[in-house]
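What follows draws every value from the coordinates through simple rules; no lab data is involved. Everything numeric in this text was worked out from a predicted model, so none of it was measured. Cβ placement follows ideal geometry from the backbone for every residue including glycine, while neighbour counts extend to all protein chains displayed.
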Amino acid sequence: MTLHKNHTLNATDKLTLLAKELNIHSWNELTSFIANLPYGRNENRYDFSLVLSEKKGSCSSKHALLKALAEVNQIPNVSLILGIYKMNHKNTPGIGNILVENNLDFVPEAHCYLSIQEKRFDFTSRSSSITRIENDILSEIEITPNQVAEYKVQFHKDYMKNWIKNNNIPFDFETVWKIREQCIYNLSQ
């Protein structure tokens, strides 16, 4: 989960100073700290500093924070990736039986992670492993940290609407989105 070279966090911006207040002084310390934080949505999805102050975050907020800190600390070859993958009970344990109950093999799920030196890394939790979903990735695009809020959600919804239409899914968008929300809820329990 670490880079070959452990970069020091030298910038003087708000995010780096907040990390240093938590005794985080290098990239490897930062990625380890973030991966060890519990999963949870922050009060304000536009403020990545909340990952550090609330000591929790989602895949979006955690990876947006990491990308933002990589940028200001001039850590090279770190990209923020928005991937859409086939979320099912095999690659996402804990979603429950909601897909089976609705006769769905999977639903397209949006997930953020990093590409570091062209390798995928998932710092969502200590147990996160990109290898779980790697074979089920349907689409990937590089985004900026500020795109994890509205853009990510809209991209995900548009993708899902096209998937429903192109695959003759017997539900409307609102129903599939509710099924997906139930899966996410089950994960957070």
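As a calculated quantity, the FRET efficiency between SER125 and THR175 at R0 = 25 Å, using C-beta atoms, amounts to about 0.30. Beyond 30 Å in Cα-Cα separation lie the following of the pairs LYS62/LYS161; LYS90/LYS119; LYS20/LYS178; LYS55/LYS165; LYS62/LYS165; LYS67/LYS165: LYS20/LYS178; LYS55/LYS165; LYS62/LYS165; LYS67/LYS165.
Can you classify region 1-50 as rounded, prolate or oblate using the Cα gyration tensor, where a ≥ b ≥ c are the square roots of its eigenvalues, rounded means a/c under 1.5, and otherwise it's prolate if a/b beats b/c and oblate if not? It comes out oblate by the Cα gyration axes. Less than 14 Å apart at the alpha-carbon level, and either on another chain or at least 8 residues along: which aspartates and glutamates does that give for LYS152? Cross-link targets: GLU109, GLU140, GLU142. Classify region 140-189 as rounded, prolate or oblate from the Cα gyration tensor: take a ≥ b ≥ c as the square roots of its eigenvalues, call it rounded if a/c is under 1.5, otherwise prolate when a/b beats b/c and oblate if not. It is oblate, given that a/c is not under 1.5 and a/b is not larger than b/c. Projected over every direction and averaged, the convex hull enclosing the alpha-carbon atoms of the chain yields 10.2 nm². Note on SER32 and TYR151: the extension gain reaches 40.1 nm, defined as 0.36 nm multiplied by sequence separation minus the Cα-Cα distance.
Summed over qualifying helices (DSSP H, 4 residues or more, each -39500 (n - 2.57)) and divided by its residue number, the chain shows a 222 nm mean residue ellipticity of -11500 deg cm²/dmol. Per-residue extension of 0.36 nm, minus the Cα-Cα distance of GLU140 and ASN168, leaves a gain of 7.8 nm for this segment. Of LYS119, LYS152, the sequence from fewest to most neighbouring Cβ atoms within 10 angstrom is LYS119, LYS152. Seen through its C-alpha gyration tensor, with square-root eigenvalues sorted a ≥ b ≥ c, region 19-89 comes out oblate because a/c lies at 1.5 or above while a/b is not bigger than b/c. Available extension along the chain between ASN77 and ASN102 is 4.9 nm, counting 0.36 nm per residue and deducting the alpha carbon span. Report, for the chain, the % of DSSP beta bridges that are antiparallel, rounded to 5. Percentage antiparallel, nearest 5: 95. Quick one: Cα centre-to-centre distance for region 99-135 and region 139-189, in angstrom? Centre-to-centre (Cα) distance: 13 Å.
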